[in-house]
Amino acid sequence: MSWYIEEQEPVYLDYNATTPLDPTVKNAITAGLELWANPASGNPIALKAREEIDKARKSLAELLRVTSDEVIFTSGGTETNNWVIHSCVERFKAEHPNQTPHVICSAIEHPSILEPLRHLRDTGQIEFTELPIDPKTGQITPSDALKLVKPSTCLVTVMLANNETGVIQPIAELSDAVRKASSKHGT
């Protein structure tokens, strides 16, 4: 059997985890790595780095139809997820100091979402409800989310495409359900 495997081209079946870089992406990354200077400094190399960052920010803002100051770069997904979670919770606490923030999250979220939420729950900072998944489809049911929303709900988090199963969640329907519940509760 080993002779057969050795003579065949390998078949890569883990594209859900990572994929080869598109050559244009590789070229853009390589060019970006040439701009190694601290963009907050005032020297010419740093100013060029700052210029490229500003150009990227403007391009993304146009693509997303937001203003440039609404585009924030972070070190990666985990930092971004933590930042969003803590921002939502802190804003709710500031606006409703006598209430405990409530967060709803799908039961199959990425650990960078689930772990901070469980920590906040375990330390008494939030009330946390996991949104169940239909075992046949691997999807959340928007009507289930609707039942879980309450006046103290400050965040509902469900990933669009699961990084392990590839299942696409019904985000548009979920958004509609959450908006209905929010207007009903005044949140």
Worksheet item: What are the semi-axes of the equivalent ellipsoid of the stretch 49-105, taken as the square roots of 5 times the eigenvalues of the Cα gyration tensor, listed largest first and rounded to whole Å?
Response: 30, 13, 10
Worksheet item: Relative to the Cα centre, what is the charge dipole magnitude of the chain, using +1 at the beta carbon of each Lys and Arg, -1 at the beta carbon of each Asp and Glu, and rounding to the nearest 20 debye?
Response: 920
Worksheet entry | Reachable lysines, given that their alpha-carbon falls under 28 Å from the alpha-carbon of Lys93 and they are not under 8 places away in the same chain | Lys147, Lys150, Lys180, Lys184
Item to complete: Check the straight Cα-Cα distances from Lys58 and name the aspartates and glutamates below 14 Å, setting aside those fewer than 8 residues away within the same chain.
Response: Asp69, Glu70
Worksheet item: Put +1 on the Cβ of every Lys and Arg and -1 on every Asp and Glu Cβ in the chain; which of Pro170, Ala94, Cys154 then has its Cα farthest towards the positive end of the dipole?
Response: Ala94
Response to the item:
Residue separation between Asn38 and Val11 times 0.36 nm, minus their alpha-carbon distance, gives in nm 5.6 nm
Item to complete: Tell me the Kirkwood hydrodynamic radius of the stretch 136-187 in angstroms, computed as one over the mean inverse distance between distinct C-alpha pairs.
Response: 11.6
Worksheet item: Mean projection of the alpha-carbon convex hull of the stretch 1-73 over all orientations, in nm²?
Response: 8.0
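Could you tell me what % of all Cα pairs in the chain have separations over 24 Å? Could the numbers behind the result be given before it?
Values: 9984 of 17391 pairs.
Percent of Cα pairs beyond 24 Å in the chain: 57.
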Discussion item. As I understand it, the dipole of the stretch 1-73 uses +1 on the Cβ of Lys and Arg and -1 on the Cβ of Asp and Glu, about the Cα centre. Which of Thr30, Ala46, Gln8 lies farthest toward its positive end?
Written reply: Ala46
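Among bridges DSSP assigns within the chain, what percent are antiparallel (round to 5)?
If we restrict to bridges inside the chain, about 10 percent are antiparallel.
Check each of the chymotrypsin sites (Phe, Trp or Tyr not before Pro) in the stretch 1-108 and keep only those in coil by DSSP with at most 10 other C-beta atoms within 10 angstrom; list them in order.
Sparse-neighbourhood loop chymotrypsin sites (Phe, Trp or Tyr not before Pro): Tyr12, Tyr15, Trp36, Phe73.
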Worksheet item: Regarding the stretch 77-185, what are the three Cα extents along the principal axes, ordered largest first, in Å?
Response: 40, 32, 20
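Every number in this text was worked out from the coordinates using simple rules, so none of it is lab data. In this text the structure is predicted, and so the values were computed from the model without any measurement. Glycine also receives a Cβ, built like all others from the backbone with ideal geometry; neighbour counts cover every protein chain displayed.
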